[in-house]
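Structure record follows, encoded as structure tokens.
The values are calculated or read from the model by the stated rules, or taken from the named source; none is laboratory data. What you see is a predicted model, and the numbers here were worked out from it, not measured in a lab. Quick reminder, even Gly has a Cβ in these numbers, built from the backbone with ideal geometry, and neighbours come from all protein chains shown. Heads up: the accessible areas ignore ligands, DNA and RNA and are worked out on the full protein's heavy atoms, side chains in. Shrake-Rupley method; radii C 1.70, N 1.55, O 1.52, S 1.80 Å.
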Amino acid sequence: MGVQLLATEPKVVDRAVLCGTFLNTLPLAQVTRRLLALPARNSMYRWMVRRYRITWQVKVPAAHIAEYREDVRLITSGQLADVTTAAAGFTLPDKLDKSESPTLFVTGGKELPVARRWAAALAQQMPNGVDRVATAMPHDWPTHYPDLFARTVDCWLTDSALPPEIASPHSVRR
């Protein structure tokens, strides 16, 4: 959503921090999207999502558990399937290279290498795109480390040095 907004309405976005970006670089992306929609809508998927959400409660800091439960309550498994399907069909948007908005793409250091390549590809398309890695962190690092995420956003918005945990992808050991 954020990448699409940067491509289609760049004047609306002054600066952006995007985490967990997905980019389908496969040929026939719309076929991939349709194929992923099938399992995302069956009862087994809904069961897995429920189990995953219950398991996650253990990993959420106690100070944020109420917020987590509210977020979980607000999104249904059907809506999550919609997000999965939309992400699977997301390709490099036209005009992203015209967006002047300084944009920070951050992936977790523990994410699959392909996720880091997607973020790098998106950052490279933008005149002011920057690719960084949250060292030794998973895909959903902002939920595990909300204070670090807040500091990262604050630094990016104020044009300050990023926290040391947010490193250049070339300086991070994987």
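Can you list residues whose amide H is under 5 Å from Leu18's amide H, if they're 5+ apart or on another chain and H is modeled 1.01 Å from N?
For Leu18, the qualifying residues are Leu104, Phe105, Val106.
Going toward the positive end of the dipole of the stretch 1-153, with +1 on Lys and Arg Cβ and -1 on Asp and Glu Cβ, which of Val133, Met48, Val17 do you reach last?
Met48
Indicate the gyration tensor shape class of the stretch 97-174 (rounded, prolate or oblate), computed on the Cα atoms with a ≥ b ≥ c the square roots of the eigenvalues: a/c under 1.5 is rounded; otherwise a/b larger than b/c is prolate and the rest oblate.
It comes out oblate by the Cα gyration axes.
Have a look at Ala123, Gln79, Leu5 and report the one farthest towards the positive end of the charge dipole of the chain, computed about the Cα centre with Cβ charges (Lys/Arg +1, Asp/Glu -1).
Comparing the listed Cα positions along the dipole, Gln79 ranks first.
Given Cα pairs under 8 Å that are at least 6 residues apart, what percent is the relative contact order of the stretch 124-174?
It comes to 46 percent, rounded to a whole number.
When a/c is below 1.5 the answer is rounded, else prolate if a/b is larger than b/c, else oblate, so apply that to the stretch 57-124 with a ≥ b ≥ c taken from the square roots of the Cα gyration tensor eigenvalues.
prolate
Once phi is turned into θ = phi - 60°, what whole-Hz ³J(HN,Hα) does the Karplus curve with 6.51, -1.76 and 1.60 give for every residue of the stretch 106-121, x standing for Gly and Pro?
10, 10, x, x, 8, 6, 4, x, 5, 5, 5, 5, 4, 4, 4, 4
Provide the FRET efficiency to the nearest 0.05 for the Met1-Ser43 pair, computing r from the beta carbons and using R0 = 22 Å.
0.20
Got a number for carbon plus sulfur as a percent of the chain's accessible area, 1.4 Å probe?
60 percent
Multiplying the sequence separation of Val114 and Ala161 by 0.36 nm and subtracting their Cα-Cα distance, what value in nm do you get?
Using 0.36 nm per residue and subtracting the Cα-Cα distance, I get 14.3 nm.
Quick one: what are the phi-derived ³J(HN,Hα) couplings along the stretch 12-20, Karplus 6.51/-1.76/1.60 with θ = phi - 60°, whole Hz, x for glycine and proline?
Once rounded to whole Hz, the list reads 7, 10, 7, 8, 9, 10, 10, 10, x.
How big is the dipole moment of the stretch 1-145 about its Cα centre under a simple scheme where the beta carbon of each Lys and Arg is +1, that of each Asp and Glu is -1, and everything else is neutral? Debye, nearest 20, please.
For the stretch 1-145, the charge dipole is close to 560 debye.
How large is the dipole of the stretch 64-114 about the Cα centre if only Lys and Arg carry +1 and Asp and Glu carry -1, each at its Cβ, rounded to the nearest 20 debye?
The calculation lands at about 100 debye.
Quick one: accessible area per residue over the stretch 5-98, 1.4 Å probe, rounded to a whole number of Å²?
Here the residues of the stretch 5-98 average 68 Å² of exposed surface.
Could you tell me the extents of the chain's C-alpha atoms along the three principal axes, largest first, rounded to whole Å?
The principal-axis extents, from largest down, are 44, 42, 33 Å.
Run the dipole for the stretch 125-174 about the Cα centre, Lys and Arg Cβ at +1, Asp and Glu Cβ at -1, nothing else charged, and hand back the magnitude in debye, nearest 20.
Taking the Cα centre of the stretch 125-174 as origin, the dipole is about 220 debye.
If Lys and Arg each add +1 and Asp and Glu each add -1, what is the summed charge of the other residues whose beta carbon sits under 10 Å from the beta carbon of Ala88?
+2
Distance in nm between label sites at Val31 and Thr91, each 7 Å beyond Cα in the beta-carbon direction?
1.2 nm
Taking Lys95 as the anchor, which lysines have their alpha carbon closer than 23 Å to its alpha carbon, excluding any fewer than eight residues away along the same chain?
Filter leaves Lys11.
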